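Enquirer: Structure below; questions to follow.
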Amino acid sequence: MSDSTQDAPVAARSRAGAAAVCAFGDRYRATLLSRYGDADVVDRAVEALRSADDPTVALDELDAVLQALGDPRGLYGALRAAPGTTHGAGLAPTSPGESVYLCPTARCSRYWLPEAGTTVPRCAVSDTALRRTRL
Ligand SMILES: [Zn+2]
């Protein structure tokens, strides 16, 4: 199952899911703990993203749980709903020389633009701050 015409959208979807876990993993864990007393589905997604395994199944599972909790955007739509704090793929800034922060893991499409008076966000997958780079 490595048809290249199907791999590309799957990979893009996984990167979007990874970015949502990176940005909101701690929030998802807190929500699930308070609602169910159990956040294993978040832990499985984080572990899949930390490992070399294909995270698709774990991300799909978390997406389904979030939608069942009443979030119609689920996991894959989470970043589109959070302008100003975190940006999804396809919305890259265009000013040359501008600083941008990227997730330290290579599996996620998250990035963040510096804002005065805010601290650099952390990645919930790797538990490290996003790293700064220049365009
Ligand atoms: Zn990350």
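The values are calculated or read from the model by the stated rules, or taken from the named source; none is laboratory data. Note that the structure is predicted; figures quoted are calculated from it, not measured. We place every Cβ from the backbone using ideal geometry, glycine too, and count neighbours over all the protein chains shown. Quick note on the areas: whole protein, heavy atoms, side chains included, nothing else; ligands and nucleic acids left out. Shrake-Rupley method; radii C 1.70, N 1.55, O 1.52, S 1.80 Å.
Enquirer: Ranked highest first by the average count of other Cβ atoms within 10 Å around their residues, in what order do 110-117, 38-45 fall?
Expert: Final packing ranking: 38-45, 110-117.
Enquirer: Moving on. When the Karplus curve 6.51 cos²θ - 1.76 cosθ + 1.60 is applied with θ = phi - 60°, which whole-Hz ³J(HN,Hα) does each residue of segment 98-113 get, with x for Gly and Pro?
Expert: Those phi angles translate into 6, 7, 9, 10, 10, 5, x, 7, 8, 9, 10, 9, 5, 8, 9, 9 Hz.
Enquirer: Also, I was wondering about something else. Tell me the per residue accessible area of segment 4-79 using a 1.4 Å probe; a whole number in Å² is fine.
Expert: For segment 4-79, the per-residue accessible area is 52 Å².
Enquirer: I would also like to ask the following. What percentage of the solvent-accessible surface of segment 4-79, computed with a 1.4 Å probe over protein heavy atoms, is contributed by carbon and sulfur atoms?
Expert: Within segment 4-79, the accessible surface is 52 percent carbon and sulfur.
Enquirer: Using 0.36 nm per residue of separation minus the Cα-Cα distance, give me the extension gain between Ala68 and Glu98 in nm, one decimal. Could the numbers behind the result be given before it?
Expert: Values: separation 30, 0.36 × 30 = 10.80 nm, distance 3.94 nm.
Full-extension gain reported as 6.9 nm.
Enquirer: What length, rounded to one decimal in nm, is gained on full extension from Arg80 through to Tyr36, with 0.36 nm per residue of separation minus their alpha-carbon distance?
Expert: Stretched out fully, the Arg80 to Tyr36 stretch lengthens by 13.2 nm.
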